[in-house]
Structure formats: structure tokens, C-alpha cells
Amino acid sequence: MTYVIIGAGPAGVVAAETLAKTDPGSDIVLLGGEGDPPYSRMAIPYVLTGIIDHGGTHLRKTAGHYDALGITYRQGRAAGIDVKGRKVALEDGGAQAYDTLLIATGASPIKPPVPGLDRPGVHHCWTLDDCREIEKLAQKGAEVVLMGAGFIGCIILEALVERGVKLTVVEALDRMVPRMMNETAGTLIKDWCQAKGIKVHTSTKVTEVAEKDGRLAVVMDNGEAAAADLVVVAAGVKSNIGFIDGTGMKAEQGILVDEFLRTSVDGIYAAGDCAQGPDFGGGFNVHAIQPTSTEHGRFAALNMAGKVTPYKGSLQMNVLDTAGLISTSFGDWEGGKGTESAEALDRDRFKYLRLNFKDDVLVGALSLGRTDHMGVLRGLIQNRTPLGLWKARLMDDPHRIMEAYVAHAYA
Amino acid sequence: MLKALNIDPGKCTGCLQCELACSFENEGVFNPSKSRIKVFNFHDQGRFVPYTCTQCDEAWCMHACPVDAISLNKLTGAKEVNDNLCVGCKVCTIACPFGTVNYNSATGKVIKCDLCGGDPECAKACPTDAITYVDADWTGLDKMRKWASKTDAGQQAAH
């Protein structure tokens, strides 16, 4: 049996390791598209802050890790799939035959249609190569414009601030982290950043990145402009699925997979940021987050190896540190129709907690300025724990969430 | 045989010796807020419940870590954080459905129970045997694990 995995991010690596454990003796080929050994994009901001060197981003630290498990690591980017001949065509002209295939090609940053984004000095912060360019340009005192204050933008923001640059952030929507934080929390994060000396423009679009006197000049639709030594573009990501054209594989935002992580094509599975899989909250969604990618990788591998294991769906969750202000969001954090919410807000101390319930079950949560026992929010949501009497207590004081959890854990 | 912390809330008097012992052993200070074991006070019932990591088999924290900074100590069964590798991204703190991994903003790293390398100070400090360190097979932790495994998340992980 030859298993081939396209993509050496967290989903691909966990899948390869799970296959090695579940089906020992099989051939496992892990295809990586970049020059570096398998690494974590999530860790790049910590290279920029100097906490780790480039090697610190590597997903596995032990020398010979993949060889020891019988995993063949091969460099190559997929150009297409010959579904009938069961072969992956590679961009370098080569091919890789498979019996069972996992697509774990991840996502790529979106380049918005803004003139001037091809200029030198404009970078995404997505790959270790991007990281190397940013390290050169984001020197102490340099002027930097960050396009996009979403989740990824805010992680990079933290790193840029730590490097001592003069930072301007431009976000098209009305608050920071709009896809993870509601208006209350997103506005507090903006206030926090501004108090730290970061210029934040919300509800503002960059209309052009021009060049003036040998430097970049970022033009905004609110009439302002900012000179820059570096522009970092973090305007969202999209699943890497272009190469499946012609296979007939069903895809929307990502490649559609069922509860066994199977695509619509026989013998092909998908996992991680490129996969649109079962959502714990219902339906099928792309959850481009670390926990989902590793869960997808593990479940896909088990099913590929014939160990039938249904996946109950991924839960959207994020944790973010924006220049020292820590925020989390879980599940249905917005809370809408059919949900009840408990809120506690201390604006002056940048503390906020919102719990969303459906009947007496927690379905979503948001927090600012809290770092203790945050995981129980996931536990309570994903276990669908009926909170009974505790629901009323939490409506009264949401801070008692950990007590509610412990009371049920020992019930 | 692996040993595990056995917690019997019925015996806990809320003296917080475990929290002091834990914070002193691991952080060098007598400061309950830095303890990895936490005693919850249900004052309306007169009940105290010590709570910490069960070193669960699922090891959500370990699998979620993007930089391989959490690993299994094969001798103790503990999932241990390697401070040299931890970047402080906090993904493990939201991935652990038991809420037993916390971020320490003073160090920029996460902290969790590591069973003190096989000689847990909380158990030694407990004057009433509410916390004991015993053979894993007969601990009350099974009760919590069962509670976890009957859930969706637990069933997923059990495979």
C-alpha cells in the first residue's frame, strides 16, 4: 500500500505519523512544497520576535524523525492529479503514484486587487521565506503598514510591535479581528492598540501602494497616507485547491469531505485548511485553525488505513495575543437567534467575557484579558454539557464558568 | 506501573497547602495564583474540590502544539511542557477541554501539571489525603475520564 500526502503542514505531518503507527510497513510519501523542512506557519511571528530561530518553527525537532517512522519526505508541489492512473503530477515535471491520497495543501494568503502590491517591500507573512524578507525590513524604528487586522494580522502585529517598528494598521471592516470578535471586544482591542502607540484605521481601505522618494507610500480611502519601509498584507487566506481542476472533485470554499474525511473521488481524502469538513455547529466549513488541522490529519489517516473512525466535526476556536491583550473565541461566539447571552465587561481594565447559551447548553464564548482555564469553554461546548442550575448562576455572573465546569466534572 | 494523582474532594478541607506547595516547587514562590492545582470552593455546599490535569490519554494539548513543545514523559505518563521550545502561542490552552493548561504572562510560556517529575508536591503537602499519588489503575480519575469519554469530544479522541 502506498499512501501519498500532499502538503507537509500540521495536517499532513500528523496524518503521516498516524499512518506509520496504524499501518506499519506501508509506504508513506509526504510531499512538501517548500525548501524548508516541515514547519509551522503559526510559529513565524515568534521568529520575528526572536523567541525562536527558524529551526524552532519545525514541526518535529528530532533529527531523522521522518526516516525513523518510515516516512519518505519528498520535495515537490502538486500540479494536478490523474485520478484514473492514481498519480500526482508535480510542478517539476515528476510524478508520484499512490494507492490512497491525502490532500493537505493548506491555504494561501489572499492578495486583494490593490495597485502596487507587487512592489518590492510588500510582503505577506505566510512562509519562512516571507519571514526572512520581513526580518530584513522590519528594523527598529522602521515604518510599517499592516493591511488587515484579522486573526493573522493581529498575530503579526504583536511581532512587529516587539521589533520596535512604527506601526500603522489598516482594516477594511469596522473593528479589529472582525471574524473572531464582536463589536465590544473588537473595539476594545483597537483602543488597547492605540494606547500602545499603534495607529489603527478601521473602516478604511488601502487604495494604492505607491512609491515616493524611494519609499513606499500607502494611500487610504479616508484621505490619509502613510510612508512605509515595509507593507505586510494580511487580508485573509483561501484554500489551496487550484490543482484539483479536472478531477471532478467537489469543492466550495475548500474540498468537501464527509465525516470520514473522504472527498467525492474514490481513494482521495482531504484535511486541514484546504478541506471543508463537518462543522460541530452544523453544516460543512473550512476551519483554518491548528487544532482542526491536526484532528483532520489524524482522523483522515485512521480512515485511510481502514480503521473506520467518524469525525464529529470541528469547533471554531481561536486564541490571540494582540500586543499583550489576550482574547479567545469559541464556537458560536456571535450568538444570534435562539441563543441567550451573559456578559461581563470591565472596559477600563480591558476585561470582557461573553457566554452564549442555547437552552442550558453553552454554544459559544468570547473573552478578553483572561488566561486561566480557558479550555473549559471548549469542553463545555463540545461536550454539550447541560448546565442545569448553573445556567442561571452564569447568566448572573459569567465569571463562575470554571466553577460550573468543575461542579459538572465531579457530578 | 504508572501512578496518577487521585483526588477525593470529600476529604478536602480547603487549606490550600497543595497550591502553596505546587507554586513553591514549580515557580519558587508561595503564591496560589501560580499553582497548577487549584482548589475550587463551593461555599454554598461547604465543599472544596482540588482540580488539576489528569494527564489524559487523548493529550489534546500535546497534539495541538504547533512546535512539538509538549511531550510525553514515558516514566510518569505526564505531558510536559518544554520551556525552550514553547513559543507561548496558547493554542494548547484552548485545545485542552479540561482547562488545565494556563498561560503565564510573566514568562510568556504555558504551564501545566507535570507530576513534579514523579514526586508530586501537592500530594505530599495534603494533610488529609484528599490528594494522593497512587497506582493509576485504581484512581478516582477514572470517574473524570469516564465523564470525558462519554462526550463527543472524548469519543473522537478515544480512537
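Provide the per residue accessible area, probe 1.4 Å, for chain A, rounded to a whole number of square angstrom.
Details: 16340 Å² over 411 residues.
Solvent-accessible surface per residue comes out at 40 Å².
Classify the protein assembly as shown from the C-alpha gyration tensor, please: rounded if a/c falls under 1.5, else prolate or oblate depending on whether a/b exceeds b/c.
oblate
In the protein assembly as shown, what % of DSSP beta bridges are antiparallel (nearest 5)?
On the way: 67 of 101 bridges.
Here the antiparallel bridges make up roughly 65 percent for the protein assembly as shown.
Summarise the partner chain shielding of B:96-106 as one whole number: the mean count of Cβ atoms from other chains within 10 Å of each residue's Cβ.
On the way: counts 6, 11, 8, 14, 3, 3, 5, 7, 1, 4, 0.
Partner-chain Cβ atoms within 10 Å, mean over residues of B:96-106: 6.
Calculate the spin-label point distance for B:ASP129 paired with A:LYS61, positioning each point 7 Å from the Cα along the beta-carbon direction, and give it in nanometres.
Here the answer is 4.0 nm between the modelled labels.
Quantify how strongly other chains surround peptide A:382-393 by giving the mean number of their Cβ atoms within 10 Å of each of its Cβ atoms.
Working: counts 6, 8, 3, 2, 0, 0, 0, 0, 0, 0, 0, 1.
Rounded to a whole number, the mean comes out at 2.
Given 37 °C and 0.692 mPa s, compute D for segment A:231-386 with the Stokes-Einstein relation, Rh being the Kirkwood radius over Cα pairs; round to the nearest whole µm²/s.
Values: Rh = 17.2 Å.
Rounded, D is 191 µm²/s.
Can you sort A:MET395, A:MET249 by solvent-accessible area, 1.4 Å probe, largest first?
A:MET395, A:MET249
Per residue, how big is the convex hull around the C-alpha atoms of segment B:56-112? Give it to me in cubic angstrom, could you?
Working: hull volume 4.2 nm³, N = 57.
Taking the convex hull of the Cα positions in segment B:56-112, it is 74 Å³ per residue.
Find the Cα radius of gyration of segment A:146-304, compare it with 2.2 N^0.38 Å by division, and give the number to two decimals. All intermediate terms of the calculation are to be shown ahead of the outcome.
Working: Rg = 19.6 Å, N = 159, 2.2 N^0.38 = 15.1 Å.
That works out to 1.29 for segment A:146-304.
Could you tell me the largest-minus-smallest coordinate of the C-alpha atoms of segment A:122-233 on each of the three principal axes, in descending order and whole angstroms?
39, 31, 24
So what J values fall out for segment A:360-370 if you push phi through Karplus, 6.51 cos²θ - 1.76 cosθ + 1.60 with θ = phi - 60°, rounded to Hz, Gly and Pro as x?
10, 10, 6, 10, x, 7, 9, 8, 9, x, 10
With the Cα gyration tensor of segment A:313-411 in hand, convert its eigenvalues to equivalent ellipsoid semi-axes via √(5λ) and list them largest first in whole Å.
Numbers: eigenvalues 82, 43, 37 Å².
The three semi-axes for segment A:313-411 are 20, 15, 14 Å.
Provide a whole-number value for the mean count of partner chain Cβ atoms within 10 Å of the Cβ atoms in peptide A:290-299. Display every interim value, and only then the final one.
Numbers: counts 9, 8, 1, 2, 8, 7, 0, 1, 4, 2.
Mean partner-chain Cβ count within 10 Å for A:290-299: 4.
For segment A:254-337, take N as its residue count and report Rg(C-alpha) divided by 2.2 N^0.38 Å.
Numbers: Rg = 14.2 Å, N = 84, 2.2 N^0.38 = 11.8 Å.
Cα Rg divided by the expected 2.2 N^0.38 Å: 1.20.
Using the 2.2 N^0.38 Å rule of thumb for compact globular proteins, work out how segment A:222-268 stacks up: its C-alpha Rg over that value, please.
In units of the 2.2 N^0.38 Å rule of thumb, it is 1.96.
Amide H to amide H, which residues 5 or more places from A:PHE284 or on other chains are under 5 Å from it, using H placed in the peptide plane?
Under 5 Å from the amide H of A:PHE284: A:ASP279.
Share of antiparallel DSSP beta bridges in segment A:140-291, in percent to the nearest 5? Please list the in-between numbers first.
Numbers: 14 of 28 bridges.
Close to 50 percent.
Kindly compute the accessible surface that chains A and B hide from a 1.4 Å probe when together, both sides summed, and give it to the nearest 100 Å². Please list the in-between numbers first.
Details: alone 18400 and 9060 Å², together 23220 Å².
Its buried surface, counting both partners, is about 4200 Å².
Summing -39500 (n - 2.57) over the DSSP H runs of n ≥ 4 in chain A and dividing by its residue number, what mean residue ellipticity at 222 nm do you reach, to the nearest 500 deg cm²/dmol?
Details: 10 runs with 97 residues, N = 411.
Roughly -7000 deg cm²/dmol at 222 nm, from the helical runs in chain A.
When only Cα pairs under 8 Å and 6 or more residues apart are kept, what is the percent relative contact order across chain A?
14 percent
Between A:LEU117 and residues 5 or more places away or on another chain, which pairs have amide H atoms under 5 Å apart, with H built 1.01 Å from N, and which residues are they?
So A:LEU117 has HN proximity to A:VAL209.
Quick one: with all protein chains in place, what share of the accessible area of the protein assembly as shown is carbon or sulfur, to the nearest percent (1.4 Å probe)? All intermediate terms of the calculation are to be shown ahead of the outcome.
Values: 11320 of 23220 Å².
Percent of accessible area from carbon and sulfur atoms in the protein assembly as shown: 49.
Of the peptides A:284-292, A:355-363, how do they stack up when ordered by the mean number of other Cβ atoms within 10 Å, highest first?
On the way: A:284-292: 22.8, A:355-363: 20.6.
The packing order, highest mean first, is A:284-292, A:355-363.
The values are calculated or read from the model by the stated rules, or taken from the named source; none is laboratory data. Keep in mind that this is a model prediction, so the values were computed, not measured. Heads up, the Cβs are rebuilt from the backbone with ideal geometry, glycines too, and the neighbour counts pull from every protein chain shown. Accessible surface is based on the protein model in full, side chains and every heavy atom, while ligands, DNA and RNA are left aside. Shrake-Rupley method; radii C 1.70, N 1.55, O 1.52, S 1.80 Å.
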